[in-house]
């Protein structure tokens with residue numbers, strides 16, 4: 001019995017050390033982090049709080065609470081800066097949990113504005129703008145090198161009714177999309193998003209009369225100015241690891257037991 005307890009204790013200590021190290025690593029290069037635990041504040045420490053517009057709500061999420069955008073015209077806006085442009089370095093990672101109510105066209109993340117500029121980058125069901133090429137049944141991450149250019153993209157089969165983790169990385173010339181920690185698509189595009197001066201929209205496009213509203217939940221949105229490792233992406237995909245403002249590991253004992 002004592003030997004069993006000793007082995008279990010050692011195993012737990014090793015696991016906690018591993019998780020703590022990974023949590024610390026996941027702070028490196030973190031330029032924007034919105035947990036959506038009842039509010040739209042940025043927890044990266046950079047002050048990129050999002051402004052709520054329309055009937056924004058919060059519901060049970062993949063990790064704690066989530067942003068609920070079931071109401072048409074509900075969206076968030078983050079002021080433009082080089083981090084939101086994904087241009088602060090030559091590499092980036094976008095990480096997000098979504099549970100869509102529909103796979104019909106809708107913008108989850110959109111750095112652009114209808115009737116003003118085409119999106120420099122976007123993550124959306126089917127694509128970005130409704131008057132640009134759409135891909136029915138697919139989740140699309142697109143990038144433009146200049147306003148008005150055709151976008152280049154990675155995509156994966158869209159799903160509704162269940163939580164899905166999406167991670168998109170770019171480094172060198174390669175754009176890669178992961179779904180639940182598994183690589184789904186990779187394309188050599190060789191471009192960063194162009195220097196758009198528009199705000200980052202979360203949940204739709206407020207330009208004109210508003211359009212392309214996303215219907216569903218969004219949780220744990222993160223932007224990095226580096227490429228995450230496969231271990232880091234898989235950890236975020238599991239939804240069991242979070243870091244608070246002080247850098248402390250917030251994984252619970254119940255979550256550790258589930259691993």
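The values are calculated or read from the model by the stated rules, or taken from the named source; none is laboratory data. Computed from a predicted structure; not experimentally measured. Cβ placement follows ideal geometry from the backbone for every residue including glycine, while neighbour counts extend to all protein chains displayed.
Where in region 118-186 are there strands (runs of 3 or more DSSP E), lying fully within it, with 2 or more residues that are under 23 Å from residue 82 (Cβ atoms) and without any contact (Cβ under 8 Å) to a residue 40 or more places away in the chain?
152-157, 174-179
Name the strands (runs of 3 or more DSSP E) wholly inside region 44-96 in which the number of residues that are farther than 30 Å from residue 171 by Cα is 1 or more.
51-53, 57-60, 65-68
Identify, by number, the condition in (1) closer than 21 Å to residue 126 by Cα; (2) modelled with pLDDT under 95 that residue 187 doesn't meet.
The failed condition is (2).
For residue 69, all conditions in the list (1) modelled with pLDDT of 95 or more; (2) over 26 Å from residue 117 (Cα atoms) hold save one; what is the number of the exception?
(2)
Would you mind telling me which numbered condition in (1) modelled with pLDDT of 50 or more; (2) out of contact with any helix residue (DSSP H, G or I) (no Cβ under 8 Å at 6 or more places or on another chain) residue 26 fails?
Just one mismatch for residue 26, condition (2).
Taking residue 198 as meeting all but one of (1) out of contact with any strand residue (DSSP E or B) (no Cβ under 6 Å at 6 or more places or on another chain); (2) at negative phi, write down the number of the exception.
Against the list (1) out of contact with any strand residue (DSSP E or B) (no Cβ under 6 Å at 6 or more places or on another chain); (2) at negative phi, residue 198 comes up short only on (1).
Give just the number: which of (1) surrounded by fewer than 18 Cβ atoms within 10 Å (Cβ to Cβ); (2) more than 22 Å from residue 61 (Cα to Cα) does residue 159 not satisfy?
(2)
Can you give me the number of residues within region 187-215 that are more than 18 Å from residue 83 (Cβ to Cβ), in a loop (DSSP other than H, G, I, E, B) and either in contact with a helix residue (DSSP H, G or I) (Cβ under 6 Å, 6 or more places away or on another chain) or in contact (Cβ under 8 Å) with a residue 60 or more places away in the chain (or both)?
Within region 187-215, residues that are more than 18 Å from residue 83 (Cβ to Cβ), in a loop (DSSP other than H, G, I, E, B) and either in contact with a helix residue (DSSP H, G or I) (Cβ under 6 Å, 6 or more places away or on another chain) or in contact (Cβ under 8 Å) with a residue 60 or more places away in the chain (or both) number 9.
Out of contact with any helix residue (DSSP H, G or I) (no Cβ under 6 Å at 6 or more places or on another chain) and farther than 30 Å from residue 226 by Cβ: which single residue out of 70, 90, 65 fits that description?
70
If you scan region 228-248, which residues turn out to be closer than 13 Å to residue 30 by Cβ and either modelled with pLDDT of 95 or more or surrounded by fewer than 17 Cβ atoms within 10 Å (Cβ to Cβ) (or both)?
228, 232, 236, 244, 245, 247
State all residues of region 94-121 that are farther than 22 Å from residue 216 by Cα and either surrounded by 22 or more Cβ atoms within 10 Å (Cβ to Cβ) or at pLDDT below 95 (or both); if no residue qualifies, say none.
Matches in region 94-121: 115, 116, 118, 120.
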